[in-house]
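Heads up, the thing below is written out as structure tokens.
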Amino acid sequence: MDITIHSSFLPHDDPEAALAFYRDVLGFELRLDVGQGGLRWLTVGPPGQPGTSIVLHPPGVDPGITDNERRVIAEMMAKGTYGSILLATHDLDGAFEKIQAGDVDIVQEPTEQPYGVRDCAVRDPAGNMVRIQQIR
């Protein structure tokens, strides 16, 4: 079987702030910017890897979601507990230095974890946890 991960989805509540983080801080390229009814879906991804993307979507727009579910999503996003993604790099310290130079919420500086990886953690403008792991 030949299956790959094509896209992952993370919510955003401010498309310009999301672009500033994913494009300007992380260095991802903007692949699609689709609007409908005042909402925007942004597709970003690492240069040179056209088959792997993150779709940044407005939260709670799926059909069938109740107002109560939208409220819970908004509360979880505000706490930073709704979305997360794990990225990887060959140069964690260099990446962290560039990220730290931006207006970014640093959760954890590069750290050797007890489970055998070295990583750091930041939050994107929507509160999503973004962990970046050192490739060994």
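Quote the relative contact order of the chain in percent (integer), defining contacts as alpha-carbon pairs under 8 Å separated by 6+ residues. That works out to 24 percent. Given springs between every Cα pair under 10 Å in a Gaussian network model of the chain, which of Asp103, Asp62, Asp124 has the largest fluctuation? Among Asp103, Asp62, Asp124, the largest mean-square fluctuation in the Gaussian network model of the chain belongs to Asp62.
The C-alpha atoms of the chain define a longest principal axis, and helix 67-79 lies at about 20 degrees to it. Bridges between two residues of the chain, per DSSP, are antiparallel at a rate of about 65%. Dipole magnitude for the chain: about 200 debye, using +1 per Lys or Arg Cβ and -1 per Asp or Glu Cβ, origin at the Cα centre.
Checking every one of the chymotrypsin sites (Phe, Trp or Tyr not before Pro) in the stretch 75-136 against DSSP loop status and a limit of 13 other Cβ atoms within 10 Å picks out Tyr115.
Rule-based calculations on the coordinates, nothing more; no lab input. Quantities reported herein were computed from a predicted structural model and do not represent experimental measurements. Positions of Cβ are backbone-derived with ideal geometry, glycine not excepted, and every protein chain shown enters the neighbour counts.
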